[in-house]
Every structure is written in structure tokens, then in C-alpha cells.
Amino acid sequence: MAHLGPGRRRIAVPVGLALTASLAFLPSVAASAAPLGNTADTAVAAKPDTTGPKLSYVANLTTYASVKAAKKAVERAGGTVVTSYEQIGVVVAHSQNPDFAKQLRAQRGLFVSVGATRTAPLQTVATTEEGTTQKLSAADAAKAAAKATDGQEPLEPNQWDLRAIKADQAHKINDGSRNVTVGVIDTGVDDTHPDLAPNFSKGQSANCVGGVADTTDGAWRPYPDGSDHGTHVAGTIAAARNGIGVAGVAPGVQVAAIKVSEPGTSLFFTEAVVCGFMFAAEKGIEVTNNSYYVDPWLYNCKADDDQKALVEALGRATKYAERKGVLSVASAGNSNHDLASNAIVDDTSPDDATPVPRTIDPHVCLDIPTQLPGVVTVSATGDQGLRSYYSSFGLGVVDVAAPGGDKWQVPATPDANGRVLSTLPGGGYGYKQGTSMAGPHVAGVAALLKSAHPKATPSQLQAMLKAQATKAACPEKIYDAAGALVDAATCQSKWGQTGYYGYGVVDALKAVK
């Protein structure tokens, strides 16, 4: 998926990744259209076929092509423009022409790449938590509240994760600034939750499903039968210190919801995610949390015309957001993959149709947005500080680590639950584990850093996250999926980094000092 499920997969983009010169696409150079060649004119002269399935496409313009010319080309090829972004030279369109992408690709004066954002009617679901949600019972809530000390939220005794990154100590100094907003690009957030309502920013929230931002009141909330994922993530970032429930890592900052998941499936398609990054950039959001991968491909191989176009469009969107001051944080995924290896078996793609197993090289087949340049890639740890059994990793790919939960690393808390406790829709609370839960801890620390250093750029914030992280060496043992301690033979280290933890575990206390 953009999934958020048991197999959340993401990868930090290799520093050397060049998404093409068009990533530097600027509005100032989008004024004139390149002339169409005879080949392109011929390719779209005939009346287009409209007998195929209706699919969504992203079309990425060349540096000097105009959006106006691109729109005309889309229409001649039997497409309908859904939206366009002149700032980055991307057009989103729908078409039932089976040769739609092929015909546009032939117009090389206009388009760098064109690709379908999906392969078939939607069917499956996926995100980045590992396993199902465990809802907190009234009895367990009462047990935790009985252990709470002065200054703690009622359920905070069960929040081992806050203590692991010293967020509880940081709160005694600074909870973060209300001038900082973290955008949760996810399945939607229940802004009526009593722990989220005080810090929720409606003016920076929207529903981007389909590729066009809908800012109607409540459009950003989860679907009635939808996922609790985004609400859980939001609570970890910014649940208020208000004497109710839990506390977030940055309980003084604001949180916004940018819903990008499809109804009924919770799949995250490119047009919605591009909309999410562009909306965050234009609405002045300082940090985004991205606990998903963009469907339908777990890894996007640039040798494939469609997948290449998805990488291009999302790369343009994230770079534009970065230029506008947005730091993007993404989870590394729950596949226990070594993202620095030369070969990974991807047996889940495409996830909107019948998967076709393939072996990919993660250096050239990318998990997006995790592996895109400038995005902070996060692995997960448990209460003992060990890499969580499900977390993907990779030397030079993972930037930092944070608590994501691990059912085998059992903390000395009232519930003795090694997962992460946070908010759920409808005013509830529950436990989840996954790199989806690790990412928002980093987003929260980044928000604290931005609060303390309001003029810091995204690259400066990322540098501070790494420099302040608590170094963690490769362990001798880690838990496997069955709960057995096994040799940590897959951990590599170099240049002050490890494949399991990157530069280390983030530190909220250092962020506010």
C-alpha cells in the first residue's frame, strides 16, 4: 500500500539516487510548451479506444513543457484530467484507452514518463502495523491510572515508549510550539477524540483520495468502516497533556490529517499521495508522517514504464514539499527485509490484483516514499532496545530508530504489553506494533526540534535528529517472529551507523534542550 499492514514495506532512498533533472522542475520554467513532433501527432490522431478498464495515470512533464499543452494531449489520447500541479509538472488523469500511457509516452517533447497508478479493481488492504489492534479494556485502563504519578496522564504508566526516548523528561521543559504542525498522511484521523481535539488543525486537514484535496469539514476522518491506523499515529505524535488518556511525544504542537487511503481497502495510490504532499507544502505544514508504502507495488522498478512514472511523480512532490519547508518521515516497513542487500523477493506486488513473485534489487527498485531523497527512514525497536522482529533494516538506508513495539520485548508496565499504546477512533485507546508506530515518534521529535529551532530547514532538522540520536551498536541477539532469541547476524555497521538503528534511537530530551 501504500499499505499499512503486516507487511509495510519502505526503504530509505540511496543518497545517490537521481530521479532525473526534472525533480528540479520549477514554476518559472513551465511557461512554454515544446512543439509536438510528427510521430506524436500521428500517435493520437485516430479516435482513441475507450473499451479498456478505467485507470488512473500520472503524467510527468518535461522541464519546458506547459501544463496546458499536456492537458490537450491527455484529452486527445482519450483521457480526462483530474488535476494538475504546475509547480512540479505533474498531471493526474483517468482513461479507458488501453494505449493511453503508450500514446503519451510517444510525445517526448511533452512527457518524461507516464504510468498507471494501479493495475486492476481494488481488492486487498495493507498498512504498516504488524498484527491487529488490541483495544484497551476499562479494567486495564483503571489499572494503569492507579499507577500514575503526579504529572502523568492516566494511561502514561503503560507508555514505555515515551520513556525510551526521554519524551517524559522533555515535557518538563517544553511540550512543543503551536506554531508547528505535523501532517499525518494516512487513513484519516478522528479529530473528535478528546486527546486529539485540543491540538487538531482543521485548516490544514483534507481528504486527498482521488487526487484532489477535499477540505469539507470532517472529510479527513476515517471511513465509518475504515482503519484506525491514522488516529493511532496522530496520538503518538501529539495527544494532549490534558489529564485524559495518553500523552504524545510533542503534546504542545498541532496535528493535521491528510487522508489518502481508498475506502474499503485502505490502499494508498500515487495520485492521492502526491496530493497529500502538495497540500502539506501549500498549507505550511512543517513535518509529515508517512507510515505506509504507495500501492500497488511494494518496490517500484524504474525499468518498468508505469513504476518509473510513479517514482518520478512522488519524487517531484516530496522535493517540492522539502523546498517549501516540509520534513518528511517514513517507516522502513515490516517485512524484515535488508534494504541494503542486492536481492529481495517481492511476492506481494501488485497488491490490487494477483501478485506475481519477483526478485528485485532495492538499490534500483524503490519503496516509496521511504526511499526518496530527503525522506527520514525509521526502523522499529522494542522495550529492550532491540530491533523489532518484523522491522526492515539496512545499512545506509535506515536513518534513525524509534519505539515501534515488539510483543516479545515485554516492559515492566501495568499491562506488560510490548506494543505501543495510543488513541483510537471513537475516544478509545489501544495497542499496535509496527514501523508505523516508530515513524510518529520520530515525527514528534522532529516537531520538538522545529519548535526549538523555528528557522531550521528540513535538511538541518534531519541532521539534528541524527546527531542527537542515542548511538546503538549491533546487538548479539534479537527476537525472531516466533519469540526465540537468535544471532543478529544481519546487522552491519560502518561510519558510525548500523543497519538496524541507523544513527541511533531518537532523543526527545536533547531536542528541547
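The values are calculated or read from the model by the stated rules, or taken from the named source; none is laboratory data. Just so it is clear, the model here is predicted, and its values are computed rather than measured. Virtual Cβ from ideal backbone geometry, glycine too; neighbours counted across all protein chains shown. In case anyone asks, the SASA skips ligands and DNA or RNA and just uses the protein heavy atoms, side chains included. Shrake-Rupley method; radii C 1.70, N 1.55, O 1.52, S 1.80 Å.
Remarks
- Computed lengthening from LYS68 to LYS513, 0.36 nm per intervening residue step minus Cα-Cα distance: 155.2 nm
- Förster-model FRET efficiency, 30 Å R0, ASP49 and ARG358, C-beta, rounded to 0.05: 0.55
- Helical contribution to [θ] at 222 nm, DSSP H n ≥ 4, -39,500 (n - 2.57), averaged over the chain, rounded to 500: -6500 deg cm²/dmol
- Global form of the range 414-513, assessed from the alpha-carbon gyration tensor, a/c cut-off 1.5: oblate
- Taking all protein chains as they are arranged and a probe of 1.4 Å, the heavy atoms of ASP480 leave approximately 50 Å² accessible to solvent.
- The magnitude of the dipole of the chain, with charges of +1 and -1 set on the Cβ of Lys/Arg and Asp/Glu and taken from the Cα centre, is near 1220 debye.
- Rounded tilt (10° steps) of 138-147 against the dominant C-alpha axis of the chain: 60
- Sequentially through the range 90-98, phi angles give Karplus couplings (6.51, -1.76, 1.60; θ = phi - 60°) of 10, 10, 9, 9, 10, 7, 10, 7, x Hz, Gly and Pro residues having no value and appearing as x.
- For the range 280-419, accessible area per residue (1.4 Å probe, heavy atoms of protein chains only), Å²: 26
- Radius of gyration and Dmax over the Cα atoms of the range 197-324, both given in Å: 15.3, 53
- Label-point separation, SER459 to ASP150 (7 Å along Cα→Cβ), nm: 4.8
- Solvent-accessible surface (1.4 angstrom probe) belonging to CYS365, in square angstrom, nearest 10: 10
- Percent accessible area from carbon and sulfur atoms, the chain, protein chains only, probe 1.4 Å: 53
- Taking amide H atoms as placed 1.01 Å from N in the peptide plane, the amide H of LEU424 lies under 5 Å from those of TYR429, GLY430, each 5 or more residues away in sequence or on another chain.
- Take every pair of alpha-carbon atoms less than 8 Å apart whose residues are at least six positions apart; their mean separation over the length of the chain yields a relative contact order of 20 percent.
- The range 454-513 - accessible surface per residue (Å², probe 1.4 Å): 53
- Net charge dipole size for the range 342-431 [Lys, Arg +1 and Asp, Glu -1 on Cβ; Debye, nearest 20]: 240
- Annotation for GLN134 and ASP487: the two label points, set 7 Å from Cα along the Cα-Cβ direction, are 3.1 nm apart.
- A dipole drawn for the range 73-210 from +1 and -1 charges on Cβ atoms has a positive end, and of LEU162, VAL209, GLN134 the residue lying farthest that way is VAL209.
- Antiparallel DSSP beta bridges within the chain, percent to nearest 5: 60
- Residues whose placed amide H lies under 5 Å from that of VAL400, excluding near-sequence neighbours: THR377, SER379, TYR503
- Around SER56: net Lys/Arg minus Asp/Glu count, Cβ-Cβ under 13 Å: -3
- With a simple spin-label model that places each label point 7 Å from the Cα along the Cα-to-Cβ direction, the separation between ARG178 and LYS494 comes to 4.9 nm.
- Cα centroid separation, the range 192-248 to the range 318-378 (Å): 25
- Accessible area of the range 164-274 divided out per residue, in Å², using a probe of 1.4 angstrom: 28
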